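Encoded as structure tokens, the structure appears first; notes follow it.
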Amino acid sequence: MPSSSSGDSSASSGPAARKEAEARSSPSASPPNLAASLHEAALDYLARYAASSARLRRVLERRVRRRRTDRDGLEAARGIIGDIVAKLTAQGFLEDGRYAAARAESLSRQGRSRRWIEARLAADGIAPDLIRGALEALGGNHGDRELEAAIAFAKRRRLGPYRRTRPRSPGALQALADKERAAFARAGFDRRTAQTVLGAASPDALAALLATG
């Protein structure tokens with residue numbers, strides 16, 4: 001007499017079970033309430049992070065790609081995502097100009113150059129005119145804000161007058177100076193700004209320079 005376990009195994013591998021498994025694994029099978037699920041995911045993301053419309057779109061598309069592989073399903077999901085982004089924009093949850101201005105201000109205070117900020121906002125999908133507006137909204141004299149950012153960068157990276165130690169030999173000091181100038185260049189600061197910061201005698205001298213600028 002066959003055991004109950006073998007009977008269960010036979011039932012679980014029958015036509016009905018196979019059909020159910022195929023439906024679950026089918027790439028064309030649409031998850032229930034996809035629009036509602038993505039809308040909820042969008043609100044959850046925006047509650048935790050500031051985002052541009054392009055960034056939110058990418059986040060939602062990645063979420064869909066983790067669950068779907070068929071082209072038709074992905075295209076349909078992109079249409080739903082576009083509708084969600086448009087709706088959230090109309091409701092004020094998304095506003096690229098506001099995001100760009102806040103992001104530019106935050107990055108500037110972290111010691112990021114205007115060139116670096118511009119590239120970062122472009123990568124976030126911000127339109128060129130909104131990027132220009134965000135940079136203009138930083139306020140103050142362009143050179144003063146760039147110098148302020150460069151000082152913050154040097155302080156964070158322990159460069160120039162913020163070094164913990166100073167090499168004793170001229171050769172080692174020159175090598176370190178070259179390395180620090182290269183770090184400023186990679187961060188998007190121009191040579192003049194870098195030299196102003198790196199050539200300062202002390203942090204107090206930089207503070208005085210900002211105060212008189």
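The values are calculated or read from the model by the stated rules, or taken from the named source; none is laboratory data. It should be emphasised that the depicted structure is a prediction, and the values quoted were computed from it without experimental measurement. Note that each Cβ is placed from the backbone with ideal geometry, even for glycine, and that neighbours are counted across all protein chains shown.
Can you pull out every residue in region 199-213 that is buried (at least 19 other Cβ atoms within 10 Å of the Cβ) and closer than 20 Å to Asp178 by Cβ? The one that is buried (at least 19 other Cβ atoms within 10 Å of the Cβ) and closer than 20 Å to Asp178 by Cβ: Ala200.
Filtering region 54-108 to residues that are surrounded by 13 or more Cβ atoms within 10 Å (Cβ to Cβ), in a helix (DSSP H, G or I) and basic (Lys, Arg) leaves Arg55, Arg57, Arg58, Arg63, Arg78, Lys87, Arg98, Arg103.
If you go through region 69-116 and keep only what is without any contact (Cβ under 8 Å) to a residue 24 or more places away in the chain and either within 30 Å of Lys155 (Cα to Cα) or in contact with a strand residue (DSSP E or B) (Cβ under 8 Å, 6 or more places away or on another chain) (or both), you end up with Arg98, Ser106, Leu107.
One line per residue, one yes/no per condition, for (1) within 30 Å of Tyr45 (Cβ to Cβ); (2) at pLDDT below 95:
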position: Gln91; (1), (2): yes, no
position: Glu95; (1), (2): yes, no
position: Ser108; (1), (2): yes, yes
position: Glu136; (1), (2): yes, yes
position: Gly143; (1), (2): no, yes
position: Arg156; (1), (2): yes, yes
position: Arg166; (1), (2): no, yes
position: Leu176; (1), (2): no, yes
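Residue-level analysis places Ala175 among those that are free of Cβ contacts under 8 Å to residues at least 24 places away in the same chain and over 28 Å from Ser37 (Cα atoms).
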